[in-house]
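The block underneath contains the structure these notes are about, expressed in structure tokens.
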Amino acid sequence: MNNIIKLNAQNCQNCFKCIRECPLKAIEFKDGKTNIIEDECVLCGTCMEICPRSAKYVRHNRAAVEALIASGKPVCVSLAPSYTGFFGTNRFAKISAALKKLGFSVVEETAIGAAEDSKEDARLMKDGHMKNIIATACSSVVMLIERHFPELIGQLAPVSSPMMAHARMMREAYGDIHVVFIGPCLSKIFEADDPLAGGMVDQVLNFRDIEKWFAEEGITLDEDDGEA
């Protein structure tokens, strides 16, 4: 877990705000610094949001993604629908065009996987075999149940997340590819890293990673896919 949320010790002033504000009390002061208690944390990101010194940051995966692109094998993007809020546009064609300029071969919306998951959730509700159903779209929610409310594990829907469902669909459609998920959630990094995921998603980038990458390459969202 601590390989996902990193600590910049020089910035940390030991104000303990992260310890006080963590909703699960999953941070402790040990060995002269704040430490995340790995089997308690669900990667909600609260500690990063409230830190006044930006002492905590997310693991950078961009170099690994660039290596995937350089490998020559097609790299396909599963793009979280929340890109509309972050980038201020609902024109998927503009985001797709910009990402392809970075070297990605195929760009699709994760909503494709979410649609398939919704069908499975509807089937579960129709079957009526589960008294209560907790949706499994959010990996932080799944971790919360598994780590803090294990008595509810049996109520988790036996359905993969939209990210995983979409990655599987892309691999079936395009063959021998790499898959990169782009979205706002740091818990998706943990989900992709999980050995049980079988390497379905190779890497995860957040929107800020992409925004910085666009800026460094001078890429704007002015063109639709196919116009360049």
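Let me spell out the model: positive unit charges on the Cβ of Lys and Arg, negative unit charges on the Cβ of Asp and Glu, origin at the Cα centre of the chain. What dipole size does that give, in debye rounded to 20?
Numbers: 25 positive and 32 negative charges, 131 e Å.
Charge dipole of the chain: 620 debye, to the nearest 20.
Mind giving me the FRET efficiency for residue 126 and residue 8? R0 is 45 Å, r the Cβ-Cβ distance, nearest 0.05 is fine.
It comes to 0.35.
Roughly speaking, what % of Cα-Cα pairs in the stretch 9-141 are separated by over 24 Å, rounded to a whole number? Present the calculation step by step, with values, prior to reporting the outcome.
Working: 4937 of 8778 pairs.
Taking all Cα-Cα pairs of the stretch 9-141, the fraction more than 24 Å apart is 56 percent.
Based on the alpha-carbon gyration tensor of the stretch 112-164, what equivalent-ellipsoid semi-axes (square roots of 5 times the eigenvalues) come out, in whole Å, largest first?
19, 15, 5
Subtract the Cα-Cα distance of residue 49 and residue 37 from 0.36 nm times their separation in residues, and report this length gain in nm to one decimal.
Values: separation 12, 0.36 × 12 = 4.32 nm, distance 1.78 nm.
Taking 0.36 nm per residue and subtracting the Cα distance, the gain is 2.5 nm.
Quick check for you: with a 1.4 Å probe and neighbouring chains kept, what is the accessible area per residue of the stretch 39-139, in Å²?
Details: 5190 Å² over 101 residues.
Accessible area per residue, the stretch 39-139: 51 Å².
Based on the Cα coordinates of the chain, what is the per residue volume of their convex hull in Å³?
148 Å³
Hey, if you put +1 on the Cβ of every Lys and Arg and -1 on every Asp and Glu Cβ in the stretch 1-51, which of 13, 29, 47 ends up farthest toward the positive end of that dipole?
Farthest along the dipole direction, towards plus: 13.
Grab the Cα-Cα distance for residue 194 and residue 152, subtract it from 0.36 nm times how many residues apart they are, and report the gain in nm with one decimal. Mind dumping the intermediate values first?
On the way: separation 42, 0.36 × 42 = 15.12 nm, distance 2.08 nm.
The span from residue 194 to residue 152 would gain 13.0 nm if fully extended.
Compute the Cα gyration tensor for the stretch 137-211, then decide on rounded, prolate or oblate, letting a ≥ b ≥ c be the square roots of its eigenvalues: rounded whenever a/c is under 1.5, prolate when a/b is larger than b/c in the other cases, and oblate in all that remain. Present the calculation step by step, with values, prior to reporting the outcome.
Numbers: a/c = 2.48, a/b = 1.47, b/c = 1.69.
Oblate shape, in that a/c is at least 1.5 and b/c is the bigger or equal ratio.
Going down the list 25/188; 6/212; 56/100; 6/131; 73/188, which pairs span over 29 Å between their C-alpha atoms?
Values: 25/188 21 Å; 6/212 19 Å; 56/100 31 Å; 6/131 40 Å; 73/188 23 Å.
Check vs 29 Å cut-off fails for 56/100; 6/131.
What percentage of the solvent-accessible surface of the chain, computed with a 1.4 Å probe over protein heavy atoms, is contributed by carbon and sulfur atoms?
C and S atoms contribute 51 percent here.
Specify the inter-centroid distance of the stretch 5-51 and the stretch 105-162, based on alpha-carbon positions, in whole Å.
Cα centres, the stretch 5-51 to the stretch 105-162: 28 Å.
Charges on Cβ only, +1 for Lys and Arg, -1 for Asp and Glu, centred on the Cα centroid of the stretch 119-228; of 183, 149, 167, which one is farthest towards the dipole's positive end?
Farthest along the dipole direction, towards plus: 149.
The values are calculated or read from the model by the stated rules, or taken from the named source; none is laboratory data. Small disclaimer: the values here were computed from a predicted structure and weren't measured. We place every Cβ from the backbone using ideal geometry, glycine too, and count neighbours over all the protein chains shown. Ligands, DNA and RNA are excluded from the accessible area calculation, which covers all protein heavy atoms including side chains. Shrake-Rupley method; radii C 1.70, N 1.55, O 1.52, S 1.80 Å.
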